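The values are calculated or read from the model by the stated rules, or taken from the named source; none is laboratory data. Since the model is a prediction, treat every value here as computed from it, not as a measurement. Glycine gets a Cβ as well: all are built from the backbone with ideal geometry, and neighbour counts include every protein chain shown.
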Amino acid sequence: MELFPVSTFDTEIFYNGCKEKKLIFQKCKNCAHIIWPNSLFCPRCYNNNFELIELKGYGSIYTFTIFRVAFHKAFKDKVPYTVAIIELDEGPKLVSNIVDTPLNEIKIDKKVEVVWKSCGNTFLPKFKVIS
Amino acid sequence: MNLRKLKDKYAIVGVGYTPQGKVPGRTALSFYIEAGINAIKDAGLSKEDIDGLICYRQFNPLLNEPVATPYLVAQHLGIKPTVLSQESFCQRNQFIQAVSLLEANFCKNILIIYADNAASGRRMFIEEATHGEPFNDNAAYGEFGFVGDYAMAAQRAMFEFSTGPETWKHIAINQRKWANLNPIAQYFNETLTEEDYINAPLIADPFRKYDAALISDGGRACIVTTVERARDLKNPVVTIMGLGEANPSVDVHQANYLAKNTGAKQSGEMAFKMADISLDAIDGCEIYDCFTYTVEITMQDYGFFKPGEGVDFFKNGATAPGGVLPVNTSGGLLSEAYFMGLTPVTEGVMQLMGRCGDRQLGEKTSTKEPEIILCCDNGGVLQSHSTIILRKL
């Protein structure tokens, strides 16, 4: 079995992008802050006019953990797996997985690039370490 | 904000315990009621005196039983309090709320309770998990909350300054030594060596089994009132000398406080300012310890040592029985039992009342006779922090 994200009024901006393998974020037209998580208002200046921009998909590992235990039956056959906070080059921090990378190469500050992995009828951005 | 007028004005006058650890067959509600009644009796009050009831966050029941709402708790306690409250998501404001209600004269005696049957109900926390259906999108990545979130915070700490298992093992072992003196601690009969700690399985890197809090059945309660009323009651008077609170709030996944200070810094400064004391006045600490790392980052942010110097602070049993600064003298959440912030706070009260048996601070454990104990609580994933400095009058 697989677990899926559920798109909401707020987050459909991001998940609509995922369907097309694009990292779409809201950029505030007033203060230029790229906001994440999605919201109706910019938390910095309370403006609600945004342009949608596509991020390039590069960043670095801010922190990570390797799950050795499955906390849900959907992950029983997947341990050990890595959950990481990816700091994208443009600023936002995303929770994701490090994939296609040996465990011993996963370290804080390592550069990563997006790898789109299918998840149900959509795709999710995961990341692999690049040299 | 001048809080000094509140210093030593309010007191904790009674504590309530229940059977704890693994106590099969009981509902969370039953522990609430037992803890509450025991606290009322311990204070020497009657139920008619209780006009405020503040319950901690209640996770959804895992077994076939009702949610322990504050309505239900009040009903079973046979009380109709003026103020009834329950926090929803770990924002730890119980004591600041109680003192505010007393100061404004809305209430006279406030009962604070937390209880759960997490061990028998197999609450998801650290061991093999029986998790309900996930509640947010991070589950699609296999990220399920507290354990992974704190593990990522700890991993970042290891990058920011010198820390890791070599520091955390001292915290786990020192607390276990306290638990070995506490007959009601879940690990009373089990010692912990460095080998045990290091050889225990990794759960979510960098955390091993003994870095994480226990899961417990049981409940804990206490009663807050004015010092004036406390003087007429039967227990020694333990005052609230300082209170602090801070809510960084930002989700750990977007937080910058992993690389800076947690809420403990601001909350600690507020509490010490109200108490009008400095760190060297503290005789013992009861620090919220959902993980070993949480003890380190909290005490670091309070200013007990500089970033990266935790290993020197905790080594050689410095915080264990006989140590220079006792920390988590019941065994704490790691080795006694998990009742959120009430594990540390009630232990602080019990120590100052002199009711701790073999683990009693003072001559019995070759430590200083305690007058002032620093307690704290932490909610969410470092999103909420509260500080409570207790004093024996």
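Structure summary
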quantity	calculated
Pick from region B:175-197, criterion touching a residue at least 24 places away in the same chain (Cβ under 8 Å) and not in a loop (DSSP other than H, G, I, E, B), ranking: nearest to the other protein chains (Cβ to nearest Cβ)	B:197
Single residue of B:299, B:350 found to be under 30 Å from residue B:120 (Cα atoms) and under 18 Å from the mean Cα position of the chain (by Cα)	B:350
Within region B:306-333, tally of residues that are surrounded by 15 or more Cβ atoms within 10 Å (Cβ to Cβ) and under 14 Å from residue B:285 (Cα atoms)	16
Sole exception among (1) surrounded by fewer than 24 Cβ atoms within 10 Å (Cβ to Cβ); (2) away from every other protein chain (no Cβ under 14 Å) for residue B:216, by number	(1)
Subset of region A:102-121 that is surrounded by fewer than 18 Cβ atoms within 10 Å (Cβ to Cβ) and touching a Lys or Arg at 6+ places or on another chain (Cβ under 6 Å) - its residue that is farthest from the other protein chains (Cβ to nearest Cβ)	A:116
Among (1) more than 30 Å from residue A:38 (Cα to Cα); (2) surrounded by 23 or more Cβ atoms within 10 Å (Cβ to Cβ); (3) among the charged types (D, E, K, R) - the single one residue B:166 does not satisfy	(2)
Inter-residue pairs, beta-carbon under 6 Å, first without any contact (Cβ under 8 Å) to a residue 24 or more places away in the chain and more than 14 Å from chain A (Cβ to nearest Cβ) and in region B:158-174, second buried (at least 20 other Cβ atoms within 10 Å of the Cβ) and part of a helix (DSSP H, G or I), 6+ apart	none
From the options B:203, B:240, B:277, residue that is at pLDDT below 95 and surrounded by 18 or more Cβ atoms within 10 Å (Cβ to Cβ)	B:203
Some residue of region A:6-27 being among the hydrophobic types (A, V, I, L, M, F, W, C), under 16 Å from residue A:124 (Cα atoms) and within 8 Å of chain B (Cβ to nearest Cβ)	yes
So residue A:73, is it at the interface with another protein chain (Cβ under 10 Å from one of its Cβ atoms), at pLDDT below 95 and surrounded by fewer than 17 Cβ atoms within 10 Å (Cβ to Cβ)	yes
Residue within region B:181-189 that is farther than 25 Å from residue B:252 by Cβ and surrounded by 24 or more Cβ atoms within 10 Å (Cβ to Cβ) present	yes
Region B:267-302, residues that are touching a residue at least 40 places away in the same chain (Cβ under 8 Å), assigned to a helix (DSSP H, G or I) and not hydrophobic (A, V, I, L, M, F, W, C)	B:267, B:268, B:273, B:292, B:293, B:294, B:296, B:298, B:301, B:302
Which numbered condition residue A:131 fails, given (1) in contact (Cβ under 8 Å) with a residue 24 or more places away in the chain; (2) assigned to a loop (DSSP other than H, G, I, E, B)	(1)
Neighbours by Cβ (under 6 Å, 6+ apart or cross-chain): first from region B:305-316, without any contact (Cβ under 8 Å) to a residue 40 or more places away in the chain; second assigned to a loop (DSSP other than H, G, I, E, B)	B:313/B:305
Residue count, region A:1-50 (criterion: surrounded by 12 or more Cβ atoms within 10 Å (Cβ to Cβ), among the aromatic types (Phe, Trp, Tyr) and part of a loop (DSSP other than H, G, I, E, B))	3
Options A:53, A:85; residue that is surrounded by 17 or more Cβ atoms within 10 Å (Cβ to Cβ), touching a Phe, Trp or Tyr at 6+ places or on another chain (Cβ under 8 Å) and assigned to a strand (DSSP E or B)	A:85
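For (1) without any contact (Cβ under 8 Å) to a residue 24 or more places away in the chain; (2) farther than 30 Å from residue A:33 by Cβ, each residue gets a yes or a no:
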{"residue": "A:69", "(1), (2)": "yes, yes"}
{"residue": "A:89", "(1), (2)": "no, no"}
{"residue": "A:103", "(1), (2)": "no, yes"}
{"residue": "A:111", "(1), (2)": "no, no"}
